[in-house]
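K.L.:
The following block contains the structure, expressed as structure tokens.
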Amino acid sequence: MAFSTESGSPPSVILGKIASVMTPEWGGPVDKIHYPIRFYDVLGALLVMAEAGLARDRRCRDALDLLEGKRLDDGSFPAEWTNVRTAERVESRGTYADWGPLSRRKGNPLVTVDALYALKEAGRST
């Protein structure tokens, strides 16, 4: 089911140049891939568009180009930013889970699955 407004067009707050359309003062840099919690980042926005059936919209091109530019040589995608840390006891923003590597040079399998899905829905080769 595709999302649309009364005019039939998707809301431009999600589309377009990701960093210039919406830059919240919380949640981390929008041009970095966040994991495991996504407030608003390039991959999160593209996943919303993919789920809504709108990832092929021309206004997603800049965000798709940015995402493709993050692909590593082995075809995987990195988790570049996080707001959680591994903790041995219950604490704010702590986690016991292993969310995979956080590195710009090493692929994260959980992020890679999402990135490949978004690119596939946009008609970009994976």
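The values are calculated or read from the model by the stated rules, or taken from the named source; none is laboratory data. The structure displayed is predicted, hence computed values, not measured ones. Cβ: placed from backbone, ideal geometry, glycine included. Neighbour counts: every protein chain shown.
K.L.:
Condition first: surrounded by 13 or more Cβ atoms within 10 Å (Cβ to Cβ) and out of contact with any strand residue (DSSP E or B) (no Cβ under 9 Å at 6 or more places or on another chain). Now tell me which residues in region 67-98 satisfy that.
P.N.:
Result: Leu67, Glu68, Lys70, Arg71, Leu72, Ser76, Phe77, Pro78.
K.L.:
Follow-up. Please state which of the following conditions Val13 fails to meet, knowing it meets all the rest: (1) out of contact with any strand residue (DSSP E or B) (no Cβ under 7 Å at 6 or more places or on another chain); (2) closer than 23 Å to Asn83 by Cβ; (3) at pLDDT 50 or above.
P.N.:
Among (1) out of contact with any strand residue (DSSP E or B) (no Cβ under 7 Å at 6 or more places or on another chain); (2) closer than 23 Å to Asn83 by Cβ; (3) at pLDDT 50 or above, Val13 violates only (3).
K.L.:
Now a separate question. Looking only at residues that are of a type in the set (Gly, Ala, Ser) and either free of Cβ contacts under 8 Å to residues at least 12 places away in the same chain or within 30 Å of Arg58 (Cβ to Cβ) (or both) in region 99-126, which one is surrounded by the fewest Cβ atoms within 10 Å (Cβ to Cβ)?
P.N.:
Ser125
K.L.:
Same structure again: Note down all Cβ pairs under 8 Å where the first residue falls in region 41-62 and is in a helix (DSSP H, G or I), the second is surrounded by fewer than 18 Cβ atoms within 10 Å (Cβ to Cβ) and among the small types (Gly, Ala, Ser), and they're at least six residues apart or on different chains.
P.N.:
Arg59/Ser12
K.L.:
For region 75-115, name all the residues that are not in a loop (DSSP other than H, G, I, E, B) and not aromatic (Phe, Trp, Tyr).
P.N.:
Answer for region 75-115, where residues must be not in a loop (DSSP other than H, G, I, E, B) and not aromatic (Phe, Trp, Tyr): Arg85, Thr86, Gly94, Thr95, Pro109, Leu110, Val111, Thr112, Val113, Asp114, Ala115.
K.L.:
What are the residues in region 31-42 that are of a type outside the set (D, E, K, R) and either touching a strand residue (DSSP E or B) at 6+ places or on another chain (Cβ under 6 Å) or farther than 14 Å from Gly100 by Cβ (or both), if any?
P.N.:
Scanning region 31-42 gives His34, Phe39, Tyr40, Val42.
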